[in-house]
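*Asks:* There's a structure below that I have some questions on.
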Amino acid sequence: MSKFWNVKLKDINPYTPGEQPQDKSYIKLNTNENPYPPSPNVIDAIKEVVNEDLKKYPDPQCLVLKEALAKHYSLDINEVFVGNGSDEILAFCFMAFFDNTNEILFPNISYSFYKVYANIFGVPFSECSLDKTFKINVDDYCKKSGGVIIANPNAPTGISISLENIEKILKANMDKVVIIDEAYIDFGGESSVGLTKKYQNLLVVQTFSKSRSLAGLRVGYAMGSEELIKGLEIVKNSFNSYTLDRIAIKGATEAVLDSEYYDTIISKIIKTREEYKAIFIKLGFNVLDSDSNFLFVSHDKFEGEDMYNFLKSKGVLVRHFKKREIDKFLRITIGTKEDMEELMKEINEFITIS
Ligand SMILES: *Cc1c(COP(=O)(O)O)cnc(C)c1O
């Protein structure tokens, strides 16, 4: 701990992103990126902005992007917020909606950034255990709290919860904000967006990083009541008015407009997921039901870390979490069919030599 640092940093354990190797080329199935490129319209639009507009500041309100999102999700423009990746929006949510008076609730196995944000923003929290089948216990979130944050589908399990259960949580927390992180919703599960009209306390967060193949552009968005969106705007404008640059605004807008392209690649990913789920099961793996673009798999006979290390040595990167409850598991992003064939070749090799 440096004497120059804010004392808050003493107990901060920052988020560790999945490896992003810059040297050797791996088959990268470790950070849930989309294996297919963004829509060609997105690339064309980005090339145009680069040539014309970069000497000028972007629109701090990001109106064209908000308009496209509002139209796509049948919302009012005042019910949409955009930010530099959903990670940034989640950080703004912690500042806007949670404080140090009541414990917020999230699952003990979920996106690990929630705990990091709680720590850095001084928000007390309680982690609710998943059940034996790695499902969320809905009742855990129906008690008095400072707010709730749930990923649906959950990560790294891929399991989703029903809208009926989300409504139950919303009804039990009418005076607190319930955040549903829908980073993977386009790959399965039911979106809560439609419930935002009915529940003033619901904020739905989504991202362009997974289903829309734009992890490198850094754009996320949130949808909810005007009251919640205003809270986020206050935080944003007290921090950085230009969180989205011109390239991001233009690229993301074109992505929203090209649903046809994205529906096609999403269908391909879902088809590959189901195909490889069956193959893993045939090989004796335990595979959780996934509504996302990854599979969470374990095998009674093998350690997760051994499989991870073997695959890495063969040029295939997957994600392993050193957390007791899930350390037998690997989280494997669904790649192209070729990526998955290569992965299976190496998994078969691992099984043979083990
Ligand atoms: C990937 C992911 C995010 C972050 O997405 P960005 O928009 O790239 O910041 C947020 N939540 C979950 C559950 C994710 O998996």
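The values are calculated or read from the model by the stated rules, or taken from the named source; none is laboratory data. Small disclaimer: the values here were computed from a predicted structure and weren't measured. All Cβ positions, even for glycine, are placed from backbone atoms using ideal geometry, and neighbour counts span all protein chains on display. Note: areas computed on protein heavy atoms with side chains; ligands, DNA, RNA excluded. Shrake-Rupley method; radii C 1.70, N 1.55, O 1.52, S 1.80 Å.
*Asks:* Give the residue that is nearest to the ligand (Cβ to nearest atom), with candidates limited to residues of the range 194-221 that are closer than 25 Å to E164 by Cα and of a type in the set (S, T, N, Q).
*Replies:* Going through the qualifying residues, I end up with T207.
*Asks:* Here's something else I'd like to know. Filter the range 245-266 for residues that are farther than 18 Å from F187 by Cβ and of a type in the set (D, E) and give the result.
*Replies:* Result: D245, E254.
*Asks:* Does the range 332-349 include one or more residues that are open to solvent by 10 Å² or more (accessible area, probe 1.4 Å), under 21 Å from N154 (Cβ atoms) and either touching a helix residue (DSSP H, G or I) at 6+ places or on another chain (Cβ under 9 Å) or at pLDDT 95 or above (or both)?
*Replies:* Looking through the range 332-349, none of the residues is open to solvent by 10 Å² or more (accessible area, probe 1.4 Å), under 21 Å from N154 (Cβ atoms) and either touching a helix residue (DSSP H, G or I) at 6+ places or on another chain (Cβ under 9 Å) or at pLDDT 95 or above (or both).
*Asks:* Quick one: in the range 194-221, which of the residues that are among the polar types (S, T, N, Q) and assigned to a loop (DSSP other than H, G, I, E, B) is surrounded by the fewest Cβ atoms within 10 Å (Cβ to Cβ)?
*Replies:* If we take residues in the range 194-221 being among the polar types (S, T, N, Q) and assigned to a loop (DSSP other than H, G, I, E, B), then Q200 is surrounded by the fewest Cβ atoms within 10 Å (Cβ to Cβ).
*Asks:* Could I ask something else about it? Across the range 230-272, which residue is farthest from D53 (Cα to Cα) among those that are in contact with a Pro (Cβ under 7 Å, 6 or more places away or on another chain) and part of a helix (DSSP H, G or I)?
*Replies:* A255
*Asks:* Right, next: Which of the residues that make up the range 172-193 are outside any helix (DSSP H, G or I) and either within 13 Å of the ligand (Cβ to nearest atom) or among the aliphatic types (A, V, I, L, M) (or both)?
*Replies:* Hits for the range 172-193 are M174, V177, V178, I179, I180, D181, E182, A183, Y184, G189.
*Asks:* If you don't mind, there's one more thing I want to ask. Suppose we filter F98, F106, F92, F125 for residues that are more than 23 Å from L217 (Cβ to Cβ), within 16 Å of the ligand (Cβ to nearest atom) and of a type in the set (F, W, Y); which single one remains? Give the derivation first.
*Replies:* Values: F98 fails: within 16 Å of the ligand (Cβ to nearest atom); F92 fails: more than 23 Å from L217 (Cβ to Cβ); F125 fails: within 16 Å of the ligand (Cβ to nearest atom).
F106 is the lone residue from the list that is more than 23 Å from L217 (Cβ to Cβ), within 16 Å of the ligand (Cβ to nearest atom) and of a type in the set (F, W, Y).
*Asks:* Could you tell me whether the range 54-71 includes any residue that is open to solvent by 10 Å² or more (accessible area, probe 1.4 Å) and under 19 Å from the mean Cα position of the chain (by Cα)?
*Replies:* No, that holds for no residue.
*Asks:* Residue pairs, Cβ under 6 Å, 6 or more apart or interchain, first in the range 195-219 and at positive phi, second more than 13 Å from the ligand (Cβ to nearest atom) and of a type in the set (F, W, Y). List them.
*Replies:* That search, which allows pairs on different chains as well, returns S213/Y36.
*Asks:* With the requirement that a residue be among the aliphatic types (A, V, I, L, M) and under 27 Å from S267 (Cα atoms), what does the range 282-310 give you?
*Replies:* Hits for the range 282-310 are L283, V287, L288, L295, V297.
*Asks:* Among F239, F285, F296, which is without any contact (Cβ under 8 Å) to a residue 24 or more places away in the chain and among the hydrophobic types (A, V, I, L, M, F, W, C)?
*Replies:* Working: F239 fails: without any contact (Cβ under 8 Å) to a residue 24 or more places away in the chain; F296 fails: without any contact (Cβ under 8 Å) to a residue 24 or more places away in the chain.
So the residue among F239, F285, F296 that is without any contact (Cβ under 8 Å) to a residue 24 or more places away in the chain and among the hydrophobic types (A, V, I, L, M, F, W, C) is F285.
*Asks:* Mind listing whichever residues of the range 136-171 are within 15 Å of the ligand (Cβ to nearest atom), open to solvent by 20 Å² or more (accessible area, probe 1.4 Å) and either outside any loop (DSSP other than H, G, I, E, B) or basic (K, R) (or both)?
*Replies:* I136 - this is the single residue of the range 136-171 that is within 15 Å of the ligand (Cβ to nearest atom), open to solvent by 20 Å² or more (accessible area, probe 1.4 Å) and either outside any loop (DSSP other than H, G, I, E, B) or basic (K, R) (or both).
*Asks:* Just checking, how many residues over the range 81-95 are open to solvent by 40 Å² or more (accessible area, probe 1.4 Å) and under 24 Å from P58 (Cα atoms)?
*Replies:* Looking only at the range 81-95, we keep the residues that are open to solvent by 40 Å² or more (accessible area, probe 1.4 Å), and these are 84, 95.
From what is left, the residues that are under 24 Å from P58 (Cα atoms) are 84.
So the answer is 1.
*Asks:* Just wondering, is there one or more residues in the range 280-289 that are surrounded by 17 or more Cβ atoms within 10 Å (Cβ to Cβ) and part of a helix (DSSP H, G or I)?
*Replies:* Yes.
*Asks:* Restricting attention to the range 21-51, which residues are within 16 Å of the ligand (Cβ to nearest atom) and exposed (fewer than 12 other Cβ atoms within 10 Å of the Cβ)?
*Replies:* Of everything in the range 21-51, nothing turns out to be within 16 Å of the ligand (Cβ to nearest atom) and exposed (fewer than 12 other Cβ atoms within 10 Å of the Cβ).
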